[in-house]
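Engineer: I'd like to ask some things about the structure below.
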Amino acid sequence: MLFNSLSFILFFLIVITLHYTIRSWKAQKTILLFASYIFYAAWNPPFVILLWFSTVVDWYVAKSLENEEKVVTRRILLSVSLLVNLGLLGFFKYGEFLLENFVGALNFLGIDFQAAAPSIILPVGISFYTFQTLSYTLDIYFRRAKPSKSFLDFALYVTFFPQLVAGPIVRATEFLPQCEEPRRATRDQFGWGLYFITLGLFQKVVLADGMLSSASDTVFGHTDGSIFVLDAWLGVLAFSAQIFCDFAGYSTCAIGVALCLGFALPDNFRSPYAAIGFSDFWKRWHMTLSTWLRDYLYISLGGNRHGTFRTLVNLMVTMLIGGLWHGASWTFVAWGALHGSYLVAEHLLRQKFGGCSWVKTVLGRFSLGMLTFFLVCLGWVFFRAKDFSSAWLLMSSLFSFSGTGVQLLPTLEMMQVTVVVVGLLASHWYLHEKRLEHAMQNFPAWLVVVIWTSMLFGLILMQGGANAFIYFQF
Amino acid sequence: MPSSTSSFKTYQLERIIPKHHWATLALATLLSVSLLTFSWEFYCRSLGYAPTLNDTKDLWASRRVLIEKDPTRTVLIGASRMLFDFDMDVYEKEMGERPLQLATVGTNPGPYLEDLANHPKFSGTVIVGVVPGLFFAPGGPPMKSPLDHLKYFQDWSPSQKVGHYLGMFLERRFAFINQEDLTLNQLLLSFKISNREKAKFHPELPPYFYKIDEERQGGMTDIAAQDIKLQKRIQQIWIPLFTPPPDKKKMSPSEKKAQVKKMADMVLEKTKKNVDKIVARGGKVVFIRLPSTGQLREIENKYTPRAGFWDRILEETQSPGVHFEDFDQLKGFNCPEWSHLSKGDSTEFTKRLIPILKKLRNKGKI
């Protein structure tokens, strides 16, 4: 079920009504759990079984890990969880990719082999909930956390519908304590939650789908010769803004929906396009994934504890896997490799030039911020392009100043992209050092109403169809 | 990638709530949005808009799904002419069966025919509306549209079904819910900002000029049937849409002719295969060429002459066909914007078409 659909509005109204009319906390949680299964099943009912399977396996593995002292047995138990979760992810998400590459490798070696084309449907949000359950088992294994005492709480943690299919990826240590006491939003929390939902939907429906997707689709969909440099850049900028508005929009909705139910979810984005450097970017972009990769992969590989070379290798490996997490394609690996290279280069440059005073000036910080944004945009080319030939075509168009190439975009779309991208960058720089909550607090009440009304009326005017969020495919 | 160390403490995650009276602000917002929305609704109605269903993929899927329940039904496929010009009430009254309307605007019906041909149980009659320029289109939007509709139907989820019925509830009540004309993007287009001289993109599509009901019975709006200014605007949109794009490869006329024939052969081969499959299961296929007039008819005659296209469809597939120019009673209808009949004329046209279809039925051809 999509947040930007009428069926979700009906679903949410029913859930909210039940949540606030039933007194028993256990009954409330049970309703939320069933509602979450309905939310997931409304897309493709059979795939709920995967959720149940993952939930049951990790519940029993964690229980067994708690009392088990033998290292070998603990490792076997952890392996079961890893095998189940990564196995499901591997089969559904990477099955076709692996087979394709296997066949490609055999053909390259001169062995004529053709495999029957498998038709595997990717269960929506599988990358998100497998990472979430994995983090629980890993935390128990490393004795960083205690297993949940209640199966209901644990099942709700895995399945909680606001963040089930596209994050934020919540840790058990953040969510399970919230299940211990009854959660009811105050009037102000509820109102602020509604504001968040409106903001998220506005980002998704009006900005991402309405203002940016057409230009982005046109430019990235063009394969017939080079593109005029201005159109190429506007297409890339359009996608850069679209991917943010789409994904941050989902996270904002998720936080708002959870808040209306009395639950708190962590931030997932914090003005990433005002990041100064790539280490800063990854502290602001998809924060719950980057901290997951940091805690369970980068640090497990040794982090920055074994000298510069190992640190750089660890960074690169983490980013390559992070790239592959986003999709079963070599273009995503290339995107991860590019970001890994950015981080490696930044690490080395910091060691050499970190002490320079100009870096700390306003102009220096702004210049570095814009350079970061520029390089992030180049990375999105590989993320969005359907294959390498399209990516190279666009890359060459971005730096072709001969005035040739096809002019693809209507003037209106060029204006829309420019206005949204400039507005987005300005808002990110405005919120660079502060949270949205603090900024809103300083706005007079009438201004909040004007902003809120504009966003809601914009949504009504846009009449957007229920287009899936980009990150659902991951 | 943050390179700091992590913290695994169990803690109570709380969110900051900005210090405002959010419940009051929410109510004030609700009030102002309601005011704006109702004002917008009244303004749209004052412009002549009335509540109408949107011709969405959900609406199409809601009709397509009925084949699963009754695979012997008569199905209408084709493009907008089939959607506007074929009166299902008249057909039901005269032929004793309610057909399913699956035609979609700007569409090559080939993928729909293939879908029915590959359906394991379908054995009904298919009435295929032929607009040669679309029927023989090898790709682009005429092919994308039906493929998108079919994909949408195959993946039609329970939540989309619920959303569809909720959407129809609202569409029947509010005139401003009009995805053809009144979305924010359509409103921005009305500023008519001129484009760069060398810019290349798809030609403009016509504005809202038809309505549709729950069973997908389409029909031209009264405004479009009467407003000459609107008709002229739509006529000017048809010209580039129905004119083939310039030849990039600079082929000689004979080379071009050979290429067009080659593409037509491919389409016909596929069509024959699909027709044969349906006929083999006991189904029937009949092709219909609905009226077009004015400069558009001239363009059609120039680029898709009857002998090379319409006649070949019937010849290759050995199927019956009804061309509006072959029957006196079907000639002489006026298409206000050259491509479609008005609502009243569509009823009259279907009434005149029925005896021809009955004859075909009596001969066992449909």
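The values are calculated or read from the model by the stated rules, or taken from the named source; none is laboratory data. The structure displayed is predicted, hence computed values, not measured ones. Every residue, glycine as well, gets a Cβ built from its backbone with ideal geometry; the counts of neighbours run over all protein chains shown. These area figures cover heavy atoms from the full protein model, side chains too; ligands, DNA and RNA do not enter into them. Shrake-Rupley method; radii C 1.70, N 1.55, O 1.52, S 1.80 Å.
Engineer: Please report the relative contact order for region A:6-182, taking Cα pairs under 8 Å with a sequence separation of at least 6, and give it as a percent rounded to a whole number.
Structural biologist: 30
Engineer: Here's another thing I want to ask about it. Percent antiparallel among DSSP beta bridges with both residues in the protein assembly as shown, to the nearest 5?
Structural biologist: Values: 3 of 17 bridges.
Of those bridges, close to 20 percent are antiparallel.
Engineer: Buried accessible area between B and A (1.4 Å probe, both chains summed, ligands and nucleic acids excluded), in Å² to the nearest 100? Walk me through the numbers before you get to the answer.
Structural biologist: Numbers: alone 21390 and 21840 Å², together 37280 Å².
Chains B and A together bury roughly 5900 Å² of accessible area.
Engineer: Mind checking the full-extension length gain between A:Val80 and A:Lys26? Use 0.36 nm per residue of separation minus the Cα-Cα distance, one decimal, nm. Mind dumping the intermediate values first?
Structural biologist: On the way: separation 54, 0.36 × 54 = 19.44 nm, distance 3.02 nm.
The span from A:Val80 to A:Lys26 would gain 16.4 nm if fully extended.
Engineer: Take the Cα gyration tensor of the protein assembly as shown, multiply each eigenvalue by 5, square-root it, and list the three semi-axes largest first, rounded to whole angstrom.
Structural biologist: Values: eigenvalues 516, 187, 176 Å².
Gyration-tensor ellipsoid for the protein assembly as shown: 51, 31, 30 Å.
Engineer: For the protein assembly as shown, what is the calculated [θ] at 222 nm in deg cm²/dmol (nearest 500), taking -39500 (n - 2.57) for each run of four or more DSSP H residues and dividing by its residue count?
Structural biologist: One gets -19000 deg cm²/dmol as the mean residue ellipticity at 222 nm.
Engineer: Report, as an integer, the average count of C-beta atoms from other chains found within 10 Å of each Cβ along A:317-324. Each step should come with its number before you reach the end.
Structural biologist: Numbers: counts 0, 1, 1, 0, 0, 1, 0, 0.
The shielding value for this peptide is 0.
Engineer: Let me ask something else. Per-residue Cβ counts within 10 Å, from other chains only, averaged over A:38-45: what number is that? It would help to have the intermediate numbers written out before the result.
Structural biologist: On the way: counts 2, 1, 0, 3, 7, 5, 3, 2.
Taking the mean over all residues of the peptide, I get 3.
Engineer: Is region A:6-182 rounded, prolate or oblate when judged by the Cα gyration tensor, a ≥ b ≥ c being the square roots of its eigenvalues, rounded requiring a/c under 1.5 and prolate requiring a/b larger than b/c? Numbers along the way, then the final one.
Structural biologist: Values: a/c = 3.26, a/b = 1.40, b/c = 2.33.
Here region A:6-182 falls in the oblate category.
Engineer: Now, a different point. Across the Cα atoms of chain B, what radius of gyration and what greatest pairwise Cα-Cα distance (Dmax) are found, in Å?
Structural biologist: 24.5, 86
Engineer: Across peptide A:452-459, how many C-beta atoms of other chains are within 10 Å of each residue C-beta, on average? Let's see the in-between values first.
Structural biologist: Values: counts 8, 8, 4, 2, 7, 8, 1, 2.
Per residue, the average neighbour count from other chains is 5.
Engineer: Between A:Glu100 and A:Phe309, what length comes free when the chain is fully extended (0.36 nm per residue of separation minus the Cα-Cα distance, one decimal in nm)?
Structural biologist: Numbers: separation 209, 0.36 × 209 = 75.24 nm, distance 3.35 nm.
So the extension gain works out to 71.9 nm.
Engineer: Please give the net charge around A:Ala215, taking every other residue with its beta carbon less than 11 angstrom from that of A:Ala215, where Lys and Arg add +1 and Asp and Glu add -1. Display every interim value, and only then the final one.
Structural biologist: Values: positive: none; negative: A:Asp217, A:Asp231, A:Glu413.
Within the 11 Å Cβ shell, the charges total -3.
Engineer: Sticking with this structure for a sec: Taking GluC sites (Glu not before Pro) that fall in a DSSP loop and have at most 16 other Cβ atoms within 10 Å as cut points, what is the longest piece of chain A between them?
Structural biologist: Numbers: sites that count: A:Glu68, A:Glu69, A:Glu180, A:Glu433.
Longest stretch, sites excluded: A:181-432.
Engineer: Would you mind computing, in nm to one decimal, how far apart the modelled labels at B:Ser252 and A:Thr223 are, each placed 7 Å from Cα along Cα→Cβ?
Structural biologist: Each label point lies 7 Å from its Cα, and together they span 3.2 nm.
Engineer: Listed here are the pairs A:Lys70/A:Lys149; B:Lys144/B:Lys270; B:Lys256/B:Lys302; which of them are more than 20 Å apart at the Cα? Write down the numbers at each step before the final one.
Structural biologist: Details: A:Lys70/A:Lys149 22 Å; B:Lys144/B:Lys270 17 Å; B:Lys256/B:Lys302 14 Å.
Violating the 20 Å limit, Cα to Cα: A:Lys70/A:Lys149.
Engineer: How would region B:134-173 be classified by its alpha-carbon gyration tensor: rounded, prolate or oblate, with rounded meaning a/c under 1.5 and the a/b versus b/c comparison settling the rest?
Structural biologist: oblate
Engineer: With the contact rule set at Cα under 8 Å and sequence spacing of 6 or more, what percent relative contact order holds for chain B?
Structural biologist: Values: 483 pairs, mean separation 87.0, N = 366.
Across chain B, relative contact order equals 24 percent.
Engineer: Hey, rough spin-label estimate for B:Glu97 and B:Lys273, points 7 angstrom out along Cα→Cβ, what's it come to in nanometres?
Structural biologist: Each label point is offset 7 Å from its Cα along the Cβ direction, giving 2.7 nm.
Engineer: Further, regarding this structure: Can you list residues whose amide H is under 5 Å from B:Gly321's amide H, if they're 5+ apart or on another chain and H is modeled 1.01 Å from N?
Structural biologist: B:Phe287
Engineer: Okay, moving on. Efficiency by 1/(1 + (r/R0)^6): what FRET value for B:Lys359 and B:Leu187, r their Cβ-Cβ distance, R0 = 56 Å, to the nearest 0.05?
Structural biologist: 0.70
Engineer: In terms of modelled amide H atoms, which long-range or inter-chain residues lie less than 5 Å from the amide H of B:Thr72?
Structural biologist: Long-range HN contacts for B:Thr72: B:Ser123.
Engineer: If you scale each eigenvalue of the Cα gyration tensor by 5 and take the root, what three semi-axes come out for region B:24-98, rounded to whole angstrom and sorted largest first? Walk me through the numbers on the way to the answer.
Structural biologist: On the way: eigenvalues 325, 62, 21 Å².
The answer is 40, 18, 10 Å, longest axis first.
Engineer: Which value in Å does the Kirkwood hydrodynamic radius of chain A take, with 1/r averaged over all unlike C-alpha pairs and then inverted?
Structural biologist: On the way: mean 1/r = 0.0417 Å⁻¹.
Kirkwood hydrodynamic radius for chain A: 24.0 Å.
Engineer: Whole-Hz ³J(HN,Hα) for each residue in region A:201-217, computed from phi via Karplus 6.51 cos²θ - 1.76 cosθ + 1.60 with θ = phi - 60°, x for glycine and proline: what do you get?
Structural biologist: Per-residue couplings from phi come out as 5, 4, 4, 6, 6, 7, 7, 5, 7, x, 9, 10, 5, 4, 5, 5, 4 Hz.
Engineer: Accessible area, 1.4 Å probe, largest first: how do A:Thr173, A:Thr418 sort? Write out the running numbers ahead of the final one.
Structural biologist: Numbers: A:Thr173 15, A:Thr418 65 Å².
Result of the area sort, largest leading: A:Thr418, A:Thr173.
Engineer: Cross-link partners among lysines for B:Lys19, C-alpha distance below 17 Å, same-chain residues fewer than 8 apart left out?
Structural biologist: The reachable lysines, counting only those whose Cα sits under 17 Å from B:Lys19, are A:Lys434.
Engineer: Longer than 31 Å from Cα to Cα, which of B:Lys284/B:Lys351; B:Lys69/B:Lys261; A:Lys26/A:Lys146 are they? Say none if no pair is. Please list the in-between numbers first.
Structural biologist: On the way: B:Lys284/B:Lys351 21 Å; B:Lys69/B:Lys261 40 Å; A:Lys26/A:Lys146 21 Å.
As for pairs spanning more than 31 Å Cα to Cα, those are B:Lys69/B:Lys261.
Engineer: With the Cα gyration tensor of region B:57-187 giving a ≥ b ≥ c as the square roots of its eigenvalues, does the rule (a/c under 1.5 for rounded; else a/b larger than b/c for prolate; else oblate) give rounded, prolate or oblate? It would help to have the intermediate numbers written out before the result.
Structural biologist: On the way: a/c = 1.43, a/b = 1.25, b/c = 1.14.
Rounded, since a/c falls under 1.5.
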